[in-house]
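Take a look at the structure set out below.
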There are 2 protein chains.
Amino acid sequence: MKIAVMGYGTIGSGVVEVLDVNRDVIAKRVGEPLEVKSVLDLREFKGDPIESKIVHDYMDIVNDPEVRIVVETMGGVEPAYTFVKAMLMAGKHVTTSNKALVADKGAELIGIAKEHNVTFLFEASVGGGIPIIRALQESLTGDVVEEIKGIVNGTTNYMMTKMTMEGSEFEDVLKEAQDKGYAEKDPTADIEGYDACRKIAILTSLVCGKQVDYNDIPTEGIHKITATDIKYANAMGRAIKLLATSQAAGDTYYARVAPFLLTPSHPLYHVNDVFNAVYVHGNMLGDGMFYGSGAGKLPTASAVVGDIVEIAKNVDGNIPITWEPSKVTLADPGNQEYEFFVRTTADQATVEAAFGAVSYVDAGIAGEVGFTTSKMAQREYDDKAKQLGDVLQMIRLA
Amino acid sequence: MKIAVMGYGTIGSGVVEVLDVNRDVIAKRVGEPLEVKSVLDLREFKGDPIESKIVHDYMDIVNDPEVRIVVETMGGVEPAYTFVKAMLMAGKHVTTSNKALVADKGAELIGIAKEHNVTFLFEASVGGGIPIIRALQESLTGDVVEEIKGIVNGTTNYMMTKMTMEGSEFEDVLKEAQDKGYAEKDPTADIEGYDACRKIAILTSLVCGKQVDYNDIPTEGIHKITATDIKYANAMGRAIKLLATSQAAGDTYYARVAPFLLTPSHPLYHVNDVFNAVYVHGNMLGDGMFYGSGAGKLPTASAVVGDIVEIAKNVDGNIPITWEPSKVTLADPGNQEYEFFVRTTADQATVEAAFGAVSYVDAGIAGEVGFTTSKMAQREYDDKAKQLGDVLQMIRLA
């Protein structure tokens, strides 16, 4: 069975490597050998073993009747969207690792695949090697998934782990992460939470079977987290993690990306370094968690190849995925309830006038007070916080 | 689509409950409603809503052409084996939560299902609600799974957690677990590791696609673990967990069930109480872990219903599973290498004469020494330990 790969970067070359290293076991699982016939890239790769397979025009793949499965690992919405759509319409199955494409065009591409009796899969678009999408699609099908909390961005989890372990400041840890290749030169998508936001939009879309627009999800990154916040977290016995969350609320969902303060009893508390994990609560299952390498060449490529094998075993038809283009209106985030940790220069009398009884946190920091509130709606917190005047930091508890 | 349930105990009644509570979403996923038509049980359940569906003769189900899917939640090898075989031969799909049946007859029942173009699934037989079997079968298909370490028995994990948290003795914790219903009146299968042994036999069979005989797996339970051992574990900063392990070794596998001493950096260290988790290492994926409720009525029933949905979506054919009846000869457990923690009444000179340089562990226990060895084969350890004379305890590090 012949495969084409679009984009010979980190993930694309990883897919070629996984198919090569595990060639024999994969052939046994599929029932026949899989062969990469062509690789779409703008570059030539002179002298590389892949050189003879390189094509520069995606239409060469569209028009190649031998290619049954196409892997998209280019990233970004365009031109990936144009290329993937053309492949599906030409009757080729597609698997992608591209979260931007899936968050934006997932429902549409699933529909196009179905029309043309082929399959569109995207396990690698969330959580790298962690098989969370197949778990939601094919395992937890007896459950109503009521809540998802994910650590789905390895860069920011590495940074939060470092800040916690070493007490370092954000800028120093960011520089170190960039030096080690864990953070991009332009780290905006990771540290501002945009990457995590697209991933929770995808997971929530799969849970409800409709389109969740990532633009509707309130998203805060980690760039405002300081070494002082870490001291307070330590004083509370908690850890700060960037979580991508969604929670059923009647017929709709709350969704939010933000740093949260976790207790050691939460399974996500122990997820450190570049690891990812997705915590799921089902109405029958109870608590579950899926943990693993959320990024990196081979783990992500492993997830893509898992999709290839599933497609190859069902090469004559469509594997249905319920994700309709009709849009979900998310619940008003102002109504979602949390306990809040707050740092302020206001005095205790002002704090208590605003919030009533609070729990003070002593982290030995002069010139400010830190406290946690009782549970209240986000909107109620926002109103009360205005009475403090100066809020140095707010982090929600989870 | 009509379903029959064999065995209306905890899990069987849970399956009926999950199908009822989540009726609408399940019907949407399958494309039509699922209905429990008959329930096989020796009892009558007078006055119970299920009463009208009770049958006492499994042949009533075999001969009912309306029943397409049969759930087996009776437990034990017989008569479950006879009943399941008859269902498959009558062209009915079967899903089971019965680890004893699957460990013993899995390969044969998979073969019979294939012959009759129906499916035999068993997600709930390992790890309750944790979808580890589907992960191995359908997600990690681009990987060679090189190692599995599982906390797959909730009873013993609850007991080890209690002993660790409270410093209590084994017998006291066992009694408490029995009072709470977490341990059976006859707790042998759990505390001696027989239950975990069957589960790792199933997982290893799925990894290698051949029959692993659970009788071949060296199995130690937790009944020899004492409050003194916990003190040593605390002194080492480790936790004692009953692990079911298997590890690729060339063309075969090492497998073992035993208590192990885990460091906090291992993801299984944090798995407490009745929770289960299965850690997997793939040659491409790297480390992954699946965590959740490993037992209990609804989580286990949720896994059974996940199987029902998968079968219902593929009701006209066989879902292939590679698990052939040909038997794997496991690797010689004497060759497997570990570091060992040892307690002995021998003096340090004797210890060092036997083991050379060791690391002593000071847990403040008079009249004995505790130490950890360097890495060596099990056989080498066994030989050296004889020179100590009196070994109070040996626990492997992981």
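On the stretch given as region B:25-47, residues that are surrounded by fewer than 16 Cβ atoms within 10 Å (Cβ to Cβ) and farther than 17 Å from B:ALA301 by Cβ total 10. Taken residue by residue, region A:182-195 has no member that is within 14 Å of chain B (Cβ to nearest Cβ) and over 16 Å from the mean Cα position of the chain (by Cα). For the criterion of being over 30 Å from B:MET284 (Cα atoms), among the acidic types (Asp, Glu) and within 14 Å of chain B (Cβ to nearest Cβ), A:GLU368 fails. Here B:THR141 clears all of (1) more than 23 Å from A:ASP24 (Cα to Cα); (2) in contact with an Asp or Glu (Cβ under 8 Å, 6 or more places away or on another chain) except the condition numbered (1). Selection of region B:164-182 for residues being assigned to a loop (DSSP other than H, G, I, E, B) and in contact with a Lys or Arg (Cβ under 9 Å, 6 or more places away or on another chain) yields B:GLY167, B:SER168.
Of the strands (runs of 3 or more DSSP E) lying entirely inside region B:219-301, the ones with 3 or more residues being at pLDDT 95 or above and away from chain A (no Cβ under 11 Å) are found at B:239-249, B:252-262. Contact annotation: residue pairs with Cβ atoms under 9 Å, 6 or more positions apart or on different chains, pairing a residue in region B:357-375 that is farther than 10 Å from B:ARG343 by Cα with a partner that is assigned to a strand (DSSP E or B) and of a type in the set (Asp, Glu), are B:LYS375/B:GLU337. Taking the criterion of being surrounded by fewer than 17 Cβ atoms within 10 Å (Cβ to Cβ) and touching a helix residue (DSSP H, G or I) at 6+ places or on another chain (Cβ under 7 Å), the only residue of region A:276-317 that qualifies is A:LYS313.
Count of region B:241-267 residues, restricted to those that are in contact with a Pro (Cβ under 9 Å, 6 or more places away or on another chain) and farther than 19 Å from A:PRO264 by Cβ, is 7.
Take A:GLU147 and decide whether it is within 14 Å of chain B (Cβ to nearest Cβ), outside any strand (DSSP E or B) and within 30 Å of B:LEU298 (Cβ to Cβ).
In short, no.
Scanning for something assigned to a strand (DSSP E or B), among the aromatic types (Phe, Trp, Tyr) and either at negative phi or modelled with pLDDT under 95 (or both), does region B:364-375 turn up at least one residue? Give the steps one after another, and end with the answer.
Initial filter on region B:364-375 (assigned to a strand (DSSP E or B)): B:369-372.
Those left that are additionally among the aromatic types (Phe, Trp, Tyr): B:371.
Next, only the ones that are either at negative phi or modelled with pLDDT under 95 (or both) stay: B:371.
For region B:364-375, residues assigned to a strand (DSSP E or B), among the aromatic types (Phe, Trp, Tyr) and either at negative phi or modelled with pLDDT under 95 (or both): present.
Considered as a group, the residues in region A:86-105 that are in contact with a His (Cβ under 9 Å, 6 or more places away or on another chain) and assigned to a loop (DSSP other than H, G, I, E, B) include one that is nearest to A:ASN153 (Cα to Cα), and that residue is A:LYS92. The set of residues in region B:81-98 that are buried (at least 24 other Cβ atoms within 10 Å of the Cβ) and farther than 20 Å from B:VAL315 by Cβ comprises B:SER97, B:ASN98. In region B:382-398, what residues are over 28 Å from the mean Cα position of the chain (by Cα) and surrounded by fewer than 16 Cβ atoms within 10 Å (Cβ to Cβ)? Those that are over 28 Å from the mean Cα position of the chain (by Cα) and surrounded by fewer than 16 Cβ atoms within 10 Å (Cβ to Cβ): B:ASP383, B:LYS386, B:GLN387, B:GLY389, B:ASP390, B:VAL391. Would you confirm, using the coordinates I've provided, whether B:ALA349 is in contact (Cβ under 8 Å) with a residue 24 or more places away in the chain and surrounded by fewer than 23 Cβ atoms within 10 Å (Cβ to Cβ)? So B:ALA349 does not fit the description; no. Of all residues in region A:196-218, those satisfying the criterion of being within 14 Å of chain B (Cβ to nearest Cβ) and not in a helix (DSSP H, G or I) are A:GLY209, A:LYS210.
Being under 24 Å from B:MET74 (Cα atoms), within 14 Å of another protein chain (Cβ to nearest Cβ) and more than 15 Å from the chain's Cα centre (by Cα) is the requirement here; does B:LYS114 meet it? Considered against the rule, which asks whether it is under 24 Å from B:MET74 (Cα atoms), within 14 Å of another protein chain (Cβ to nearest Cβ) and more than 15 Å from the chain's Cα centre (by Cα), B:LYS114 comes out as yes. Region A:1-85 holds helices (runs of 4 or more DSSP H) entirely within its bounds, and those carrying 1 or more residues that are within 12 Å of chain B (Cβ to nearest Cβ) and at pLDDT 95 or above map to A:10-21, A:23-30.
Listed here are the residues, each with its yes/no results for (1) over 30 Å from B:GLY209 (Cα atoms); (2) among the acidic types (Asp, Glu); (3) touching a residue at least 60 places away in the same chain (Cβ under 8 Å).
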{"site": "A:LEU40", "(1), (2), (3)": "yes, no, no"}
{"site": "A:ARG43", "(1), (2), (3)": "yes, no, no"}
{"site": "A:GLU66", "(1), (2), (3)": "yes, yes, yes"}
{"site": "A:VAL102", "(1), (2), (3)": "yes, no, yes"}
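The values are calculated or read from the model by the stated rules, or taken from the named source; none is laboratory data. Values in this document were obtained by computation on a predicted structure and should not be read as measured data. Virtual Cβ from ideal backbone geometry, glycine too; neighbours counted across all protein chains shown.
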